[in-house]
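Working notes for the structure below.
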Amino acid sequence: MSFSSNKKFGLGRLEAFLGNLKREISFRGSTMVGIGWKVENVTGAGGTTSLTVNDNGTCYVIDASSATQTFKLPTPTSGLRFRFVAADTSTNSMIVTATSDGSTAANIAHGVFVVAGAAYSTNTKDNFYFGYSTNAKTKGDWGECWCDGTNWWWTGQAVVADSLKLI
């Protein structure tokens, strides 16, 4: 598609042009607005949710006060990122499983966290927990992961000692 002086370049043509663009765009110091997290509230949690590449960039705000909620990360693909935020203070766990194929747990998770004010790091694990064992979560505790195409890299923060674990 090219710009032509004899045709109007309306919104529809602009959307088609940008949709077919296959290269990086340099904004020369400008900032893009509106590319933050998609937010999905998960209430009445319980069961397992398998994430896909279409869920990329989603922040899950999870109320697991009635039951444990489990998420399975998709097949590792470079650039994927997810955030998980606790919306309750129960001892029901929120579990995020790193997978090799979207369903099979794999020891491909590594992380650095701040838990109860102390740094905590671990590697080669497969499950990220909020509310581990009998340790309650605090509203606002969070964990974020991104993928380099092979491994899942985690960071996060929790108030209660041992409530956040990568095991």
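Read-outs throughout are calculated quantities, based only on the coordinates presented, and are distinct from any laboratory measurement. What you see is a predicted model; the values in this text were computed from it and never measured. Positions of Cβ are generated from backbone atoms using ideal geometry, with glycine treated the same way; all protein chains shown enter the neighbour counts.
Normalising by residue count, the chain has a Cα convex hull of 147 Å³ per residue.
Short-range pairs are left out: with C-alpha atoms under 8 Å and at least six residues apart, the relative contact order of the chain is 19 percent. For Asp126, neighbours were defined as the other residues whose beta-carbon sits under 14 Å from its Cβ, and their charges (Lys and Arg +1, Asp and Glu -1) total +2.
Take every Cα pair under 8 Å whose residues are at least 6 apart in sequence, average their separation, divide by the length of region 122-167, and the relative contact order is 51 percent. Calculate how many DSSP beta bridges within the chain are antiparallel, expressed in % of all such bridges and rounded to the nearest 5. Antiparallel: roughly 50 percent of the beta bridges in the chain. Each of Ala116, Ser103, Ala136 was scored by the projection of its Cα onto the charge dipole of the chain, and the greatest displacement toward the positive side belongs to Ser103; charges sit on the C-beta of Lys, Arg, Asp and Glu. The aspartates and glutamates within cross-link reach of Lys139, meaning a Cα-to-Cα straight distance under 18 Å and a gap of 8 or more places when in the same chain, are Glu40, Asp63, Asp88, Asp162.
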